[in-house]
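**Student:** For reference, the structure I am asking about is given below.
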Amino acid sequence: MDWKCVDCYKLAKENARYFRKLLEGRGLRLRTFGFILTLIGFLVCLATAALWIWLNAFACGMSPNGCNSFSLHWEDTEALAYFIPPFVLGCLLTVAGVFTIINNRKV
C-alpha cells in the first residue's frame, strides 16, 4: 500500500468525522430554534386569547346596566379583525416550530 493512499484515507476519515459533528451541531441548533418558535407561538396565542377575554370583560364592566353575565361576543367583527391575525400568526409559529423539531430529531 502506498503511503499517500494511507494519508488520504486518514484525511478522508478526519473530514467525515468533522462533517458528522458539524451536522449534529446543526440539528441541535435547529431543534433549539424549533423549541423557541413553538414557545413564542404559544405565548402569542395565549396573549391574544387573554386580551380578547379582557376586552370583553372590560366592555361588560363599562355597561351602564351593570355586568350580570359575562360572555364572549363573537359577533363583534371589528374587534375580531384585530385579534384573529395575531392568533393565526401564533398558530403558524407553533406549527412551524413543531415541524422544525420533528424534521431535525435524532434518529
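The values are calculated or read from the model by the stated rules, or taken from the named source; none is laboratory data. Keep in mind the model is a prediction, meaning the values are calculated, not measured. All Cβ positions, glycine included, derive from the backbone under ideal geometry; neighbour counts span all protein chains shown. To get the accessible areas, we keep the full protein, side chains included, count just its heavy atoms, and leave off ligands, DNA and RNA. Shrake-Rupley method; radii C 1.70, N 1.55, O 1.52, S 1.80 Å.
**Student:** Once phi is turned into ³J(HN,Hα) by the Karplus curve 6.51 cos²θ - 1.76 cosθ + 1.60 with θ = phi - 60°, what whole-Hz value does each residue of the range 38-46 show in order, with x for glycine and proline?
**Tutor:** Rounded to whole hertz, the list is 4, 5, 5, x, 5, 5, 5, 4, 5.
**Student:** In addition: At Ser69 and Val98, where each label point lies 7 Å from the Cα along Cα→Cβ, what is the point-to-point distance in nanometres?
**Tutor:** Each label point lies 7 Å from its Cα, and together they span 3.5 nm.
**Student:** Same structure, new question: Can you work out the Karplus-derived ³J(HN,Hα) for every residue in the range 96-101? Use 6.51 cos²θ - 1.76 cosθ + 1.60 with θ = phi - 60°, whole Hz, and x for glycine or proline.
**Tutor:** 4, x, 5, 5, 5, 5
**Student:** Quick check: with the 1.4 Å probe, what order do Ile40, Ile101 take by accessible area, largest first?
**Tutor:** The residues order as Ile40, Ile101, largest area first.
**Student:** Whole-Hz ³J(HN,Hα) for each residue in the range 53-67, computed from phi via Karplus 6.51 cos²θ - 1.76 cosθ + 1.60 with θ = phi - 60°, x for glycine and proline: what do you get?
**Tutor:** Result, rounded to whole Hz: 5, 4, 4, 5, 5, 5, 5, 5, x, 7, 5, x, 8, x, 10.
**Student:** Evaluate the distance, in nm, between pseudo-label points positioned 7 Å from the Cα of Cys91 and of Arg105 along their respective Cα→Cβ axes.
**Tutor:** Between Cys91 and Arg105, the simple spin-label model gives 2.3 nm.
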